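Notes follow the structure.
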Amino acid sequence: MAKPAILTVDDDPAVSRAVARDLRKQYAQDYRIIRADSGQEALDALKELKLRGEQVAVLLADYRMPNMTGLQFLEEAMDLFPRARRVLLTAYADTDAAIQAINVVDLDHYLLKPWHPPEEKLYPVMDAMLEAWKAAPDRPVADVKIVGHRWSAPSFKVRDFLARNMVSYRWYTTDDAEGQRLLTAAGLTEADVPLVVTAEGKTMVAPTEAELAVQVGLTTTPASDFYDLVVVGGGPAGLGAAVYGASEGLRTVLLEERATGGQAGQSSRIENYLGFPDGVSGAQLTDRARRQAVKFGAELLTACRVTRLAVEGSARVLHFEDGTTIAAHSVILATGVSYRRLTAPGLEQFHGRGVYYGSASTEAPSCSDQDVYIVGGANSAGQAAMFFSRYARRVHLVIRAPNLNASMSRYLIQQIASVPTIEVHPCTEIIGADGDEHLERLTLRSMDGSGERTVDSSWLFIFIGAEPRTDWLDGVVQRDARGFVLTGPDVESGADHAALGRDPYHLECSVPGVFAAGDVRADSVKRVASAVGEGAMAVSLVHRYLVEGQ
Ligand SMILES: Cc1cc2nc3c(=O)[nH]c(=O)nc-3n(C[C@H](O)[C@H](O)[C@H](O)COP(=O)(O)OP(=O)(O)OC[C@H]3O[C@@H](n4cnc5c(N)ncnc54)[C@H](O)[C@@H]3O)c2cc1C
């Protein structure tokens, strides 16, 4: 973190230099001395410091400056750094004005010019100012900063993207004083949110995920245009494939649309994955897997949505949204599944403003002491119920089935039963949502015919059945009626493999050299362990393909 700043502003360059010189002599070891020759220049410097999340300890401003007086400057500076101590430099003739200003701009001190010798006249005042500031400093913020509306889908999207990519950030609503200060420093208004300020102080208004990824330091472009193996999708299957591919010497790149970890990355606690008897959060597992893949030399790219697969001779070419391409000898499709949308009147309009698909852990602290509704009866919903029960007053698990037995693991059913604040609503469905700026009410219907009721809630998390998003493979790779990718013996015999004189390998698709692993594969077991296993197994089949299968 940079040292806190002491800023001095005087329109007389000689005086300005002299103040800065005396301050440097005494304080340069612990503070950065910044000098400006006008109020506007000083304000611009302060805005930059605010955006970079740095601290300002003391402001010294000359009283008489053209265009912007010292008092005007200090007043505006207070909007950016209210905790900075404020000192006015005045000539003897201006003493009265300075005394009056003590109330106007909450001045801490005024210093008569000249201040020589500084040991007597300047440093004792500065020491007192710095002591006072140190007792109540503003905190430095080295993280990315986001300013947005509490109930805004674009603001949620930005926070969710950063959280899933494990980029730490500070979140300020437009109602927060610090949020307002950042908007002021960026020269923006509440209409311009979400505002993202990088750790270096660069500002972005409503950035796309790709822009955001670049600015927060995630890798988004490949280092090469040809690889041995391209893995599409960064969930457990994709990460597994990247680890095994790279560790076995294949030039491997993994392309992920949003954030590595996939569905598993959203899990608050995975308890049935081998080697973690006390459970592991999806975020931890993802972080380890990422580091492992990178350690072996795999490239991991984020914010890379693949939109087309083409076969060009022996090359498999993947097209991105922006029109660029990447090619490889082989491809592993590990694009998993996404949650199905719940279609009830009103729900769609509150997506990101009270209605969320998946866990949305960024929202958990805001749920404290409120009623949270979760839809879904599988393990993902059960984990979410356990997770939100740590924050919410009451968690309502809404399921259409008469009980959880058929869809949820036994250990989770037991855990849920042991938490008194979780209530399961069997044979129930959500049939409507209502609210003004954000979700405020839900309508529930009992499927046993006992009627409908409306409940107050601002939080609905949906975990219903998942479906693959594989439209982009249309006409290239065989899929089943629901869009899951067919592999091995399920592939209907085609000309491509016939020409090679062999059947598709076990995880190989209808296109030779293209494999599928994890949830996206037809008839796969929808589990972390099986996805990781299939990722590893697909790599061994890639080797076989490269050696003898082409
Ligand atoms: C909340 C939750 C909790 C769970 N808990 C458990 C548990 O406790 N135990 C367990 O065994 N299983 C659990 N599961 C299931 C498990 O997470 C999945 O089976 C597993 O993540 C599947 O891995 P995958 O790599 O096949 O797909 P996914 O995890 O779905 O990952 C696919 C990835 O591909 C990316 N992608 C998709 N399309 C594209 C494209 N066109 N271009 C680039 N990237 C793309 C996606 O963004 C995603 O990151 C849970 C699931 C959820 C949602």
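Spin-label pair E131-D12: with each label point 7 Å from Cα along the Cα-Cβ axis, the two points sit 3.0 nm from one another.
Residue ranges 157-167, 229-239 sort as 229-239, 157-167 when ordered by packing (mean number of other C-beta atoms within 10 Å per residue, highest first). Computed over protein heavy atoms with a 1.4 Å probe, the carbon and sulfur contribution to the accessible area of region 33-113 reaches 45%.
Summed over the residues of the chain and divided among them, the accessible surface reaches 44 Å² per residue at a probe radius of 1.4 Å. Taking 0.36 nm per residue of separation and subtracting the current Cα-Cα distance, fully stretching the chain between Q29 and D96 would add 20.6 nm. Across the chain, the convex hull enclosing all Cα atoms gives 187 Å³ per residue.
Couplings 3J(HN,Hα) of region 430-445, computed from phi: 8, 10, x, 9, 8, x, 10, 6, 8, 4, 10, 9, 10, 10, 10, 10 Hz, in residue order, whole Hz [Karplus 6.51 cos²θ - 1.76 cosθ + 1.60, θ = phi - 60°; x for Gly and Pro]. Shown here for region 57-149: trypsin sites (Lys or Arg not before Pro) in loop regions (DSSP other than H, G, I, E, B) with at most 12 other Cβ atoms within 10 Å, of which there are none. Partners of K50 within straight-line reach, counting lysines whose Cα lies under 27 Å from its Cα and excluding those fewer than 8 residues away in the same chain: K3, K25, K134, K145, K157, K202.
A P(r) calculated from all alpha carbon pairs of region 44-95, with 10 Å bins opening at zero, reads 25, 52, 20, 3 percent. Calculated FRET efficiency, Q72 to R139, Cβ-Cβ distance, R0 = 30 Å: about 0.65 to the nearest 0.05. For region 333-479, the extents of the C-alpha atoms along the principal axes are 50, 39, 36 Å, listed from largest to smallest. The relative contact order of region 377-443 comes to 34 percent, based on Cα pairs under 8 Å that sit 6 or more residues apart. Using the Cβ-Cβ distance between D278 and S493 with R0 = 45 Å, the FRET efficiency computed as 1/(1 + (r/R0)^6) comes to roughly 0.40.
Using R0 = 60 Å, the C-beta based FRET efficiency linking R288 and E120 works out to 0.50. Averaging the sequence gap over all C-alpha pairs within less than 8 Å and six or more residues apart, then dividing by the number of residues, gives the chain a relative contact order of 11 percent.
Counted residue by residue at 0.36 nm each, then reduced by the alpha carbon distance between them, the extension gain from D192 to R305 reaches 38.0 nm.
Any aspartates and glutamates with Cα under 17 Å of the K295 Cα? List them, leaving off those in the same chain fewer than 8 positions away. Within the straight-line cut-off, K295 pairs with E248, D287. Which is the longest run of the chain containing none of the GluC sites (Glu not before Pro) found in DSSP loop states (not H, G, I, E, B) with at most 12 other C-beta atoms within 10 Å? After excluding every exposed loop site, the longest remaining stretch is 201-436. Once the chain from S368 to R453 is taken as fully extended at 0.36 nm per residue, the excess over their C-alpha distance is 28.2 nm.
Taking a sphere under 12 Å around the Cβ of E256 and counting the other residues whose Cβ falls inside, with K and R at +1 and D and E at -1, yields a net charge of +1. Dipole size of region 1-152 about its Cα centre, with +1 on Lys/Arg Cβ and -1 on Asp/Glu Cβ: approximately 560 debye, rounded to the nearest 20.
The values are calculated or read from the model by the stated rules, or taken from the named source; none is laboratory data. Fair warning: this is a prediction, and the values are worked out from it, not measured in the lab. Positions of Cβ are generated from backbone atoms using ideal geometry, with glycine treated the same way; all protein chains shown enter the neighbour counts. For accessibility, only protein heavy atoms count, side chains too; no ligands or nucleic acids. Shrake-Rupley method; radii C 1.70, N 1.55, O 1.52, S 1.80 Å.
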